[in-house]
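What follows is a single structure, written as structure tokens, with notes after it.
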Amino acid sequence: IITLSDLECDYINARSCCSKLNKWVVPELVGHAIVTVLMLISLHWFIFLLNLPVATWNIYRFIMVPSGNMGVFDPTEIHNRGQLKSHMKEAMIKLGFHLLCFFMYLYSMILALIND
């Protein structure tokens, strides 16, 4: 969010912004896929079903990158067609999702400790 905000205010150029953001796309994809699979294995159905659309969206975004682009975030296209605003909105939604998941995991851990 901060990097996209800096790009919006012209504090950094599009190329350095996109290279910083693209560096984290694959680790985010792998980490979220691992968490989703772990929730499936441990039979936490609600959390699994909550994580599945976000994991699917991350995989879809990674697969649908046009050939010739630098990655999910491309410096030549980030200012076109309002992509910067959509990337900001997606980052805010993901931040809210991860905050919600953090408190859900914390609550689940507390319940597990109380029940043991």
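The values are calculated or read from the model by the stated rules, or taken from the named source; none is laboratory data. None of the values given here were measured: they were computed from a predicted structure. Methodologically, a virtual Cβ is constructed for each residue, glycine included, from the backbone with ideal geometry; neighbour enumeration extends over all protein chains shown. Just so you know, the surface numbers come from the protein's heavy atoms only, side chains and all, with ligands and any DNA or RNA stripped out. Shrake-Rupley method; radii C 1.70, N 1.55, O 1.52, S 1.80 Å.
If DNA, RNA and ligands are ignored and the probe is 1.4 Å, what is the ranking of K23, K94 by accessible area, most exposed first?
K23, K94
Suppose we look only past 23 Å in the calculated P(r) of the chain. What percent of the Cα-Cα pairs does that tail hold? Result for the distance tail: 39 percent.
Label separation (S16 vs L29): 2.6 nm, computed from points 7 Å beyond Cα along the C-beta direction.
When the surface is traced with a 1.4 Å probe over the full set of protein chains, F103 keeps roughly 120 Å² accessible.
Report summary: the helix-based calculation at 222 nm, which adds -39500 (n - 2.57) for every DSSP H run with n ≥ 4 and divides by the residues of the chain, gives -24500 deg cm²/dmol.
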